[in-house]
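The values are calculated or read from the model by the stated rules, or taken from the named source; none is laboratory data. None of these values were measured; they are calculated from a predicted model. Heads up, the Cβs are rebuilt from the backbone with ideal geometry, glycines too, and the neighbour counts pull from every protein chain shown.
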Amino acid sequence: MMYKIDNPYCVHVGFKYKIIEPVYDDYDEGLEPETHIYEVVAKTNNGLLVNLDGDTHELNYQYLQTCEIYEIH
């Protein structure tokens, strides 16, 4: 079951989230949005540290506000 999260500041460390990133298809190439399952490792002042396939990345809150975020149960 998935629940949509409207505010990226409300995510919880240790939980998994499906994040659908926006598509900027300026040339009508038929691009599909990128979807990833991230586990939140930590929160920082600027965003979230997330784990994707064993690699840790930082996603900033400003960028996350443009994404669709779903909590996975």
Wholly within the chain, which strands (runs of 3 or more DSSP E) include no fewer than the required count, namely at least 2 residues that are surrounded by 13 or more Cβ atoms within 10 Å (Cβ to Cβ)? 16-20, 35-43, 47-52, 55-60, 68-72
From (1) more than 21 Å from MET2 (Cα to Cα); (2) at pLDDT below 95, pick out the condition that doesn't hold for PRO22. (1)
If you go through VAL40, VAL13, the only one that is within 11 Å of the chain's Cα centre (by Cα) and either β-branched (Val, Ile, Thr) or at positive phi (or both) is VAL40
Quick one: in the range 60-73, which of the residues that are in contact with a helix residue (DSSP H, G or I) (Cβ under 8 Å, 6 or more places away or on another chain) and of a type outside the set (Val, Ile, Thr) is nearest to THR35 (Cα to Cα)? CYS67
